[in-house]
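As structure tokens, the structure follows; a few thoughts come after it.
Just so it is clear, none of the values below were taken in a lab; they were calculated from the coordinates. Keep in mind that this is a model prediction, so the values were computed, not measured. A quick note on method: Cβ atoms are made from the backbone with ideal geometry, for glycine too, and the neighbour counts reach across all protein chains shown.
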């Protein structure tokens with residue numbers, strides 16, 4: 001029996017576009033994300049830092065919303081993400097959570113563990129993750145491989161879903177020598193591959209691959225059966241894509257990264273631009289490896 005499209009949702013900020021039919025808009029969960037991954041359906045992820053943008057992204061069909069520590073650069077004007085505090089992440093996670101539950105509330109909410117909030121010990125990571133989970137997050141994200149494996153396992157064993165992050169890890173950009181492609185060359189690729197498999201074995205359900213060669217990212221996506229890869233500057237072969245919301249809307253105070261596409265071009269407004277992003281991720285037209293990958 002055909003479903004009737006949902007009516008537009010009125011908010012204090014105006015009217016959001018009609019949501020997708022209810023049959024397609026069940027709340028996201030780990031099993032549903034795992035099913036999407038198994039079926040080869042692309043996962044659309046965007047960052048959001050406040051209630052309004054979170055509600056708009058949710059209504060436009062974004063499946064995963066990341067409260068990224070990129071807010072340090074986007075919202076606070078910092079030069080890197082290293083200055084973002086756990087209290088700041090808690091505040092923005094709460095704001096996004098409220099926005100989701102004002103309108104649709106179907107997206108899977110991920111929050112970044114900021115620099116210094118999980119490096120000391122597994123116990124520190126648990127305390128920090130608890131703060132973000134109590135603020136409304138469904139999952140936490142941490143950066144790096146190797147030493148983080150035990151931390152991921154420790155959190156997962158205690159019921160906290162984890163998204164890992166390899167490749168370019170912005171919290172340690174100074175140690176990496178700047179914003180450079182990671183995993184180039186046989187040795188670097190082999191190390192990244194070992195770390196990715198170790199993180200999956202530790203229980204990570206998702207893995208962001210940032211600025212990783214497209215061929216390597218595609219190979220890892222095929223190898224990791226229980227961990228969905230989310231690419232940013234890693235080519236179209238990953239299980240999903242993520243962009244910083246402001247970047248994909250053309251709102252950037254610095255140089256636009258190679259892997260970004262401005263979805264405001266040809267759109268009538270922000271809601272339509274986000275919908276266009278979701279469609280492009282789903283149909284595989286974004287990213288275009290000739291333009292957005294290495």
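Segment residue 225..residue 75, full-extension length gain: 50.4 nm, with 0.36 nm per residue of separation and the alpha-carbon distance subtracted.
Please compute the alpha carbon radius of gyration of the chain, then divide it by the globular-protein estimate 2.2 N^0.38 Å. Two decimals is fine.
Details: Rg = 17.8 Å, N = 294, 2.2 N^0.38 = 19.1 Å.
Compared with the compact-globule rule of thumb, the chain sits at 0.93.
Taking the longest Cα principal axis of the chain as reference, the axis of helix 86-102 is set at about 30 degrees.
Between residue 184 and residue 98, the simple spin-label model (points 7 angstrom out along Cα→Cβ) gives 4.5 nm. Only helices enter this figure: runs of n ≥ 4 DSSP H residues, each worth -39500 (n - 2.57), summed and divided by the residues of the chain, yield -11500 deg cm²/dmol at 222 nm to the nearest 500. Here the chain carries DSSP beta bridges of which approximately 10% are antiparallel, counting only pairs with both residues inside. Where does helix 214-223 land angle-wise versus the long Cα axis of the chain, in degrees 0 to 90, nearest 10? That helix lies at roughly 90 degrees to the long axis. Helix 122-134 and the longest principal axis of the C-alpha atoms of the chain enclose an angle of approximately 0°. Each 10 Å bin from zero holds the following percent of Cα-Cα pairs in the stretch 148-210: 23, 46, 27, 4. Distances longer than 23 Å among the Cα atoms of the stretch 29-124: what percent of all pairs is that? In whole percent, the share of Cα-Cα pairs in the stretch 29-124 beyond 23 Å is 32. For the stretch 162-253, the percent of C-alpha pairs falling in each 10 Å distance bin, counted from 0 to the bin holding the largest distance, reads 18, 50, 27, 5.
May I ask you to derive the relative contact order of the stretch 53-142, considering only C-alpha pairs under 8 Å and at least 6 residues apart, and to give it as an integer percent?
Numbers: 141 pairs, mean separation 30.1, N = 90.
After rounding, I find 33 percent.
The stretch 22-66: percent of C-alpha pairs farther apart than 13 Å? Of all Cα-Cα distances in the stretch 22-66, 58 percent exceed 13 Å. Computed across the stretch 229-294, the Kirkwood radius stands at 11.9 Å (inverse of mean 1/r, all Cα pairs). Note: relative contact order over the chain, using C-alpha pairs below 8 Å and six or more positions apart, is 16 percent. The alpha carbon centroids of the stretch 209-237 and the stretch 114-146 are separated by 23 Å.
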